[in-house]
Structures are given as structure tokens and as C-alpha cells.
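The values are calculated or read from the model by the stated rules, or taken from the named source; none is laboratory data. Computed from a predicted structure; not experimentally measured. Here the Cβ positions follow ideal geometry from the backbone for every residue, glycine too, while neighbour counts run over all protein chains shown. The area values use the complete protein model at the heavy-atom level, side chains included, leaving out ligands, DNA and RNA. Shrake-Rupley method; radii C 1.70, N 1.55, O 1.52, S 1.80 Å.
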Amino acid sequence: MGSNIFSIGVSGLNAAQTALSVVGQNIANGNTPGYNRQVLSQAARMPQQEGFGYLGQGVDITGISRIYDKYLDTQVLTAQAGSNYYSSQLSQLNQINNLLSDPTVGLSNSFQSFYSSLQTLSQDPSSVPSRQTVVNMSQALVSNFTAIGNNLSQMQAGANSQITSTVNSINALAQNIADLNNQIAAAAAGNTQQQPNDLMDQRDQAMEQLNKLVSAKAVPQSDGTYSVFIGNGQALVMGNNVTKLGTQNDPTNPLNVQVTYPNANGTNTVVPSTALAGGQLAGYLDFRDGTLLSTQQKLGTLAIDFTTAMNYQNQLGRDLSGNQGGLIFADMTSYASHPQDAVANMQLLLSDPTKLAASSSLQLGSGGITPSGTGVTLSGVWASMPGTYGWASTSSPPSVSTHPVTGLTGMSINATTATSITATLTGGPDNGQTFNVVPDPTVSNGYKLVDNATPANDLGIKFQLSGQMKAGMTINVSPVPTGTAVSGNGNNLGEMMGLQTRKIVDDNKNGTNTGLQSFQTYYSTTVSFVGNATNTVKLASSSQTTLLQQATTSRSNVSGVNMDQEAADLIKYQQAYQASGKVLQIAQTLFQQILQMGG
């Protein structure tokens, strides 16, 4: 009997001591990331038949298991991937938003300063200092464009660097999971009842770190290992084998990198961000190929349309020496199909302020206005952009070479009645053709030439009288002779100033008109686009952060260490240990008494 009690006491003492060790392990790792609370499992030993019944033989430890909920852990991993997907974009988007909306850095003030300099020059078109101010403001506008473009390019380079770094981190974590797979399989040795809990915690923690980088799914295998899949089912880890992701330069844009997955035949498959579903890697890819690229394209579109329009109008006029105007800015029309590359090539060509074509290329002809004595004089005649100018219906803007005044040698305006007016052109692309003349509502006593289409298109020639056209009146117009000084004429400058509010910018230069806007309105729209994208991601990031916190709390409530519970268990198992020790003490006393009785 004494030996039976002694055996029971020893088993109880061992169980209590082991339980205290488990509780101590929980307390020690209460703040260890990824640690799951461990619990001791024990069962009564097989009782022994003693005739009067079955007598217990003590207790056995059956295992030490961790409190783990696969469902809750999956929720945390999913929320983790979503949270990092948005947070990786948000900091980048905030930079773009702050850059474009900053009044000291953004383009709004630069545009306003540029057009203000044109307004000042219009008061005295022959003023060289005022012309120099226009040149200076032009350079300031170009510099502002390129400064913003350089910032965006740096963000692009930074995103590519982060993509490469993230891929390397994914591969390192995948290798870590594979190594832990190998250790777990060896430690378990096929015994699913005795798992290496701490190693399994480390592997789950590695999976959580992996889901910060890329959305990954772990599939448990019969040997205790995990098979890890990403994207559209691409295997990242199989047992202790790792298939590493790679990066390569984008053949269509060498400045960007692509994420690749190796194929069995030695080739690589490009993994798009849409296949990655979540995580930091997809966030950087979507930022680079989404909002960042769109912003670069919009900024480039604005630069192309602005410089092309200004160049076009300047070539329609005459400079201070009476010569045809040239390009103010570098020609960027070739970037229309890839506007994201335009800003880096934006350049001011005009350095001599006298070369600014402020004056009209047309003047009253030698025949003047007939019959004499009409009492009406020609206030001005000038070339303007045709009403069809732009990319709305063509793959490139109309060339100056097709404008009616190019090569024009003369124009006769004839009024059959006060409202039936035509103009016949001599020389140029429309030589010998007659067009209608209609009132121009934007100019007092103004008129413009239109074609015979329905509705009629503005051809790009306008004139202004001191009064209304009268029946029988004829006006002869001719080009200003090359080299004839026209210092006091600012009609072409007026057309340049009018470009400030003219709806020219077309966001789609491949034939589909998505709505024309003025330069400053289009820039404001771009700022709003970035702002809306930033707010959308900010709200989504906040929502995902809340979901992650809730999922983490739910998991912690189940598998995390509760110090109050551990303190209670510590007291419980301490008392059990002391009680088992008392049992041993009694067993020893009984055994000694039995020995004495036998002596």
C-alpha cells in the first residue's frame, strides 16, 4: 500500500512540476510576438484491480499543446495583407498630394505668373524688358514642371527599389519557413500528438511576416509541414523546397522592374499586381503602375498640350523684327503616345525676347477698304488657332503648315449685304477658295472666317472693325512683309493670352475626346484626382487597420497569454505540487512504520 501511495505521489509531483514549467514558459513569453499559450494535458493511469475494485495508480502527462485557432489566424493573415497593401501606398500618395497641392511648388501660381507677364507685355508689345519678363516666366514655368517631374521620377525609382527589396525579403522568409518545415517534420517524426510548439509558433510568425509583404496561403500537410502559395496558386514553399521570386527590367519601360516567377522550362512568368491580391509588394506595384503613372501621364499631357499650343500660336505671328515666329518650347508632340516621358524633355528654346511673336502676320492690303468714305476702319486682323485644333479627332495636332495664312498672299473680304459676307483667299493651302465670314461674339465688331461645314468650323482668321460691315464694302488684306517692324501690334499676343482659358487639353490623344479643359482647370483636375486617390486609400487603410486590430484581438483572446489566468494556474499547480509532496511524505511515514512492524 505504501509503495502504491508513493508511486501516486511521485506521478502527481511530476505532473505538477511539468505544469509549473508550462505556466512559467507562458509567463516568460507573454510578450513574445507570435507565441501561442501552451497547456498541459494529463490523464489518470490505468487502475489496478484489487478485488474490492479498481485502485488508481496516479497520473500521466499525455502532451503539451498550444492553443491555436486556424480560422482566427487566417483572419489575421488576410487582414495583415490588406493593411500593408494600403499602408505601403498611403505614404507615397501623400507625397504626391502634398507636392501638387502646395501653392509654392504646384503649377497654378506658375501658370498665373506666366499669363500675367503676357498681360503686362500687351500694354506695350515693343517693350524689351516686358518681353524679357515673359521669357523669365516661361523658364520658371518649365523649371516648375521639371521639378515636379523629377520628384515623381524619384518616387518611381523609390517604388522600384522597394519592389526589389520586398521580393528579396519574401524569398528570405520563404527560406525561413522551409527550414522550419524541415525542423518540424524531423521533430514530430510522424507523431501528430507531440508537436514542437515553439517551432510551429515561429513558422506561423514567419507566415504573418510574409503576409505583410505578399498575400500568402499556408496549406498544412500530413507530415506537419506547410505548403505556401501566392498569387494565382504559384507554389512558394513545398516542404523544405523554395521557389524564389525574381525581378527583371520591364522591356516596355526599362526604368521599371517586373516581378517574375520561374517556370520549369527555365523561362519566367511576369506576376502582375492583380494576381498578388494584397501585401506590401502589390501595394508598391499598384502605386507605381496606377496613381503615380497616371499623374506622370497627366502632367506630361499638360506639358505637351501647353507647349504645342503656345508654339503653334507663336508661329502664326511676327516677332519684333517682323519675322515669322518660331518655337518657344521644344516640340514634344512625339510624346503624345507616352506622355509620362514628356516632362523630362521639356525645354525653353526662346532666349531672345525680341523673337516673341507678339504681332499679327496680317495687315490692311494696298487696296485698303473700298468704297472710300465708308467711315469704317480695320482695327486689326490676325491668325488664331482653328476651331478644330487639338487631338480630339486626330492622332496629332494640326500643323501650322496647313493654316490658311501660311503662304497667304492676299485676302479679299466682300459684303454682299451687311450679313452676307465672304472672304476669298489667294495663295497658301486654300488658294482660290471662298469662305463665309460671320460675327465673332468674343470681340466687339469682330468677325471670323468659317468653312462651309455644318456646323461651321472656325478656320483661324479673325479681324476687327471700328464699326459694322456694310453692304458693298470690300476689305483687302495682305501679309506683313518679312522684316517689316511691327512693334506696336499685339494681336498675336492677345491670342496667346486667350489660350489661358481656351479648352485645349485632351486627356486621350488616340482619337477619343474625353472632354477638353483649359490648362489650369486640367491641372486642378489632376490635383483633385490625386487627392481623391489619396483619400480613398486613406479610408481603406484605416478600415483595414481596424479589421487587423479586431482580428488580432480575437486571436489573442483565444491563444494569447493572460497573466491573470497564468497567475491562477501558478497557484493551482504550486498547491498541487505541495499536496503531492505531502502524499510522498505520508507514504514514506507509512513505509517506515511497516518496516518497524516487521522488525
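A few notes on this one:
- Test: residue in region 76-88 that is under 30 Å from Asn557 (Cα atoms) and either over 46 Å from the mean Cα position of the chain (by Cα) or among the β-branched types (Val, Ile, Thr) (or both): yes
- Those residues of region 103-126 which are farther than 16 Å from Ser518 by Cβ, in a loop (DSSP other than H, G, I, E, B), at pLDDT 90 or above and of a type outside the set (Ser, Thr, Tyr), in sequence order: Gln123, Asp124, Pro125
- Residue check, Leu362 within 30 Å of Asn253 (Cα to Cα) and within 58 Å of the chain's Cα centre (by Cα): no
- Pair list, Cβ < 6 Å and 6+ apart or interchain, from region 397-422 residues that are without any contact (Cβ under 8 Å) to a residue 60 or more places away in the chain and under 20 Å from Gln363 (Cβ atoms) to residues that are open to solvent by less than 40 Å² (accessible area, probe 1.4 Å) and charged (D, E, K, R): Pro404/Asp430
- Residues being open to solvent by 40 Å² or more (accessible area, probe 1.4 Å) and either of a type in the set (A, V, I, L, M) or not in a helix (DSSP H, G or I) (or both) - total across region 60-102: 9
- With respect to (1) of a type outside the set (Asp, Glu); (2) out of contact with any helix residue (DSSP H, G or I) (no Cβ under 6 Å at 6 or more places or on another chain); (3) touching a residue at least 12 places away in the same chain (Cβ under 8 Å), the lone exception for Ile328 is condition (2).
- Qualifying residue in region 146-159 (condition: of a type in the set (Ser, Thr, Tyr), open to solvent by 60 Å² or more (accessible area, probe 1.4 Å), part of a helix (DSSP H, G or I) and more than 30 Å from Ala277 (Cβ to Cβ)): no
- Restricting attention to region 362-376 and to residues that are part of a strand (DSSP E or B) and aliphatic (A, V, I, L, M), the residue that is most open to solvent (accessible area, probe 1.4 Å) turns out to be Leu364.
- Test: residue in region 403-413 that is touching a helix residue (DSSP H, G or I) at 6+ places or on another chain (Cβ under 8 Å) and either among the hydroxyl-bearing types (Ser, Thr, Tyr) or buried (at least 22 other Cβ atoms within 10 Å of the Cβ) (or both): yes
- Qualifying positions in region 317-343 - in a strand (DSSP E or B) and open to solvent by less than 20 Å² (accessible area, probe 1.4 Å): Gly317, Phe329
- Test: residue in region 566-577 that is open to solvent by less than 40 Å² (accessible area, probe 1.4 Å) and in contact with a Phe, Trp or Tyr (Cβ under 7 Å, 6 or more places away or on another chain): no
- Answer from Gly53, Gly58, Gly63 - the residue that is in contact with a helix residue (DSSP H, G or I) (Cβ under 7 Å, 6 or more places away or on another chain) and either in contact (Cβ under 8 Å) with a residue 12 or more places away in the chain or not hydroxyl-bearing (Ser, Thr, Tyr) (or both): Gly58
- Residue in region 32-42 that is out of contact with any strand residue (DSSP E or B) (no Cβ under 9 Å at 6 or more places or on another chain), open to solvent by 70 Å² or more (accessible area, probe 1.4 Å) and within 30 Å of Ala568 (Cα to Cα) present: yes
- Options Val527, Val561, Val583, Val505: the member that is modelled with pLDDT under 95, closer than 26 Å to Ser65 by Cα, surrounded by 15 or more Cβ atoms within 10 Å (Cβ to Cβ) and among the β-branched types (Val, Ile, Thr): Val561
- Check on Thr482, modelled with pLDDT of 95 or more and open to solvent by 30 Å² or more (accessible area, probe 1.4 Å): no
- Members of region 114-126 found to be touching a helix residue (DSSP H, G or I) at 6+ places or on another chain (Cβ under 9 Å), open to solvent by less than 50 Å² (accessible area, probe 1.4 Å) and in contact (Cβ under 8 Å) with a residue 24 or more places away in the chain, listed by number: Phe114, Tyr115, Leu118, Leu121, Ser122, Pro125
- Single residue of Ser444, Ser379 found to be in a strand (DSSP E or B), in contact with a strand residue (DSSP E or B) (Cβ under 8 Å, 6 or more places away or on another chain), open to solvent by 40 Å² or more (accessible area, probe 1.4 Å) and at negative phi: Ser379
- Test: Ala174 is open to solvent by 30 Å² or more (accessible area, probe 1.4 Å), among the hydrophobic types (A, V, I, L, M, F, W, C) and assigned to a helix (DSSP H, G or I): no
- Every listed requirement among (1) more than 26 Å from Leu72 (Cβ to Cβ); (2) in contact (Cβ under 8 Å) with a residue 24 or more places away in the chain; (3) part of a helix (DSSP H, G or I) is met by Ser169 save one, (1).
- Sole residue being open to solvent by less than 40 Å² (accessible area, probe 1.4 Å), part of a loop (DSSP other than H, G, I, E, B) and not polar (S, T, N, Q), chosen from Ala456, Ala423, Ala392: Ala392
- Among residues of region 355-378 that are touching a residue at least 40 places away in the same chain (Cβ under 8 Å), those with a Cβ under 7 angstrom from a residue that is open to solvent by 70 Å² or more (accessible area, probe 1.4 Å) and part of a strand (DSSP E or B), sequence gap 6+ or separate chain, pair up as Ser361/Gln324; Leu378/Leu364.
- Condition check for Leu302: in contact (Cβ under 8 Å) with a residue 60 or more places away in the chain, farther than 19 Å from Ser396 by Cβ and not in a loop (DSSP other than H, G, I, E, B): no
- In region 177-196, the residues that are in contact with a helix residue (DSSP H, G or I) (Cβ under 9 Å, 6 or more places away or on another chain), among the polar types (S, T, N, Q) and either assigned to a helix (DSSP H, G or I) or without any contact (Cβ under 8 Å) to a residue 24 or more places away in the chain (or both): Asn181, Gln183
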